[in-house]
Each structure stands twice: as C-alpha cells, then as structure tokens.
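Comments concern the structure below.
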Amino acid sequence: MMRLKGKTAIVTGAGSGFGEGIAKTFADEGAFVVVADIDGDAAKRCAEEIGEQAVAVAVDVTKMDDVKEMVAAALHATGRIDVLVNNAGYTHNNSDMLHVDEKTFDRILDVNAKAIYLSAMIAVPEMDSRGGGVIINTASTAGLRPRPGLTWYNASKGWVITATKSMAVELAPKNIRVNALCPVAGQTGMLHQFLGEDTPEKRDLFRSTVPLGRFSTPQDIANAALWLASDEASFITGVALEVDGGRCI
C-alpha cells in the first residue's frame with residue numbers, strides 16, 4: 001500500500017541530495033510532488049526522472065513571490081497541498097566563526113530560517129482550508145550537538161528546531177503537524193563545506209564520530225521524511241528526529 005497515495009507534496013532543495021531523495025521516495029509512495037530548487041535545471045531533471053507525478057519549479061525560497069509561485073504550482077496541478085518539506089539549506093565553510101562574512105551570514109539565515117517563515121505564510125492557510133497537513137523542516141544534528149567551525153550554521157539549525165516546536169503547538173488546532181529532521185552529514189553537495197576540506201582523512205575522522213560508522217544517505221533521510229509525512233505518524237508533532245547513526249548520543 002502506498003503511504004502517500006492521493007497527496008500533494010512540495011519539496012524544496014529537491015534538485016539534489018536529501019531533497020531529491022525525499023521527492024523521489026514520496027512519488028514512489030503515491031504522492032504528486034512539486035520539485036522546487038533554486039537550480040531550475042536540476043529541478044527539471046529530477047521531475048523528469050520521476051515522471052508524470054511531478055512538476056519542476058525554479059524557486060528562491062528567500063523570496064516571497066517565488067514561494068507564492070511554488071505553492072500556486074501545487075494548487076494548479078492538484079488543487080491541494082498536503083505536505084511541505086522545507087529542505088533547502090545553506091552553510092558556510094568550516095572555519096573560525098570570525099571569518100564568516102556578513103553576506104554569507106545573511107544568506108544562511110535567509111535560506112535556513114526566513115524561508116520557513118515565508119512558506120508558512122503561504123502554505124498554512126491553504127492547508128488549514130483543507131482540514132490540515134504536514135510540514136517537515138530539515139534541521140541538522142548541528143542544531144542539537146553543535147561543534148566549533150560551523151557556529152553560524154549551527155545556530156540557524158537551532159532556530160529551525162525551536163521554530164518547529166513552536167509551530168507544532170500553534171498549528172495543532174488546525175490539524176497541521178510540524179516536525180524536523182536532524183540528519184548527520186551525508187555525501188551531498190555541502191559535505192566539503194561541513195568538513196572544511198573534503199579529503200579521505202577528513203571523511204574517516206568524521207565517520208569515526210558516528211557510532212554506526214557511516215555518513216547519512218538521501219534514502220535515510222527520505223525514509224524518515226516519508227514516515228513523518230504519512231498517516232502512520234498522525235500522533236507525532238513537534239519532534240526533532242535524529243537521523244544520525246547515533247551521532248548525537
């Protein structure tokens with residue numbers, strides 16, 4: 001039985017990495033997926049690989065007009081929005097906190113924090129009008145167990161976790177569940193920034209800090225997102241789910 005049959009989902013940052021894994025898994029489970037990414041070509045490729053159950057939208061999640069177009073794409077395609085995955089993310093290189101310039105700091109907060117605010121402003125009323133929905137925010141183990149070198153990124157993901165919990169309480173009367181995913185680093189496009197320098201030695205060192213002994217994969221994150229989006233998790237809200245091989249222990 002397909003767990004998302006008949007549902008419509010928007011996934012941001014879906015042109016690669018975790019977002020692509022989530023989009024494809026949701027489609028495999030019956031959902032119609034709006035594949036949203038700032039890289040329109042990457043979004044188009046992912047949507048084409050999914051097939052008729054997907055549509056691609058080029059979106060800068062930090063711009064209200066783009067977010068409106070993204071939600072409109074879902075409504076145009078199916079007339080509804082059941083699941084919103086705020087997955088798009090941005091980070092700085094692993095370095096001294098004083099070496100991160102103001103422009104980079106602003107972009108981190110815009111993509112990782114403000115985008116959740118913008119999407120809520122547009123998507124929540126639509127979900128409410130149809131009796132409820134699910135919002136999943138991609139946070140990070142960095143928001144739970146911060147370490148030196150990624151201070152401003154860590155702080156932004158701590159914001160995501162707090163926002164998720166507060167949203168969950170406030171939106172519960174509207175039957176909108178809100179949860180966060182906290183992945184450990186995976187072999188995605190941002191790995192070299194998390195490590196500072198992507199070398200076999202750096203990978204081995206980081207891998208040694210994960211009790212289960214490996215990086216996360218897009219499928220790991222997609223499986224967790226699928227469960228949170230499904231009716232199997234109908235009593236789960238306000239959770240920051242660690243998908244981290246034990247990293248946060």
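Derivation of every value follows stated rules applied to the coordinates shown; laboratory data play no part. These figures come from a predicted structure and were not determined experimentally. Here Cβ is always computed from backbone atoms with ideal geometry, including for glycine, and neighbour counts include all displayed protein chains.
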³J(HN,Hα) computed for each position of region 21-28 - Karplus, 6.51 cos²θ - 1.76 cosθ + 1.60, integer Hz, glycine/proline x: x, 5, 4, 5, 5, 4, 5, 4
Electrostatic dipole magnitude of the chain [Cβ: Lys, Arg +1; Asp, Glu -1; Cα centre; debye, to 20]: 620
Between helix 64-78 and the chain: long-axis angle, C-alpha atoms, 0 to 90°, nearest 10: 50
Most mobile listed residue (K44, K202, K157) in the chain, GNM with C-alpha springs under 10 Å: K202
Charge-dipole axis of region 4-105 as Lys and Arg at +1 and Asp and Glu at -1 on Cβ define it, positive-most pick from G6, A56, V83: G6
Helix axis angle, 218-229 relative to the chain longest principal axis, alpha carbon, degrees: 40
Interchain or long-range residues, amide H under 5 Å from A54's placed H: V33
Cα-based helix-to-principal-axis angle, 115-129 vs the chain, degrees rounded to 10: 20
Mean Cβ neighbour count within 10 Å, used as a protection proxy, ranking 7-17, 163-173 highest first: 7-17, 163-173
Neighbour net charge for T151 - beta-carbon separation under 12 angstrom, K R +1, D E -1: +1
Stretch gain in nm, segment C248-D28, where the contour uses 0.36 nm per residue and the Cα spacing is subtracted: 76.2 nm
Residue among T91, T138, T188 with the largest mean-square fluctuation in a Gaussian network model of the chain, springs linking Cα atoms under 10 Å: T188
Computed [θ] at 222 nm, helices only, for the chain once each DSSP H run of length n ≥ 4 contributes -39500 (n - 2.57): -13500 deg cm²/dmol
Positive-end residue, the chain charge dipole about Cα centroid, Cβ charges, pick of F235, A43, L144: F235
Computed label-point distance, nm, for sites F105 and L212 using a 7 Å Cα→Cβ extension: 3.6
Percentage relative contact order, the chain, counting C-alpha pairs under 8 Å, at least six apart: 21
Whole-Å distance, taken between Cα centres, linking region 152-208 and region 219-249: 12
Residues with amide H under 5 Å from that of G186, placed H, sequence gap 5 or more: S216
Per-residue HN-Hα couplings for region 163-179 [Karplus 6.51, -1.76, 1.60; θ = phi - 60°; Hz; x = Gly/Pro]: 4, 4, 5, 5, 4, 4, 5, 5, 8, 4, x, 8, 6, 10, 8, 10, 9
Neighbourhood charge, 14 Å Cβ-Cβ cut-off, centred on V210 and excluding it, Lys, Arg +1 and Asp, Glu -1: +3
Estimated inter-spin distance, W227 and R147, nm [label 7 Å along Cα→Cβ]: 2.4
Region 1-94: GluC sites (Glu not before Pro) in DSSP coil with no more than 13 other Cβ atoms inside 10 Å: E52
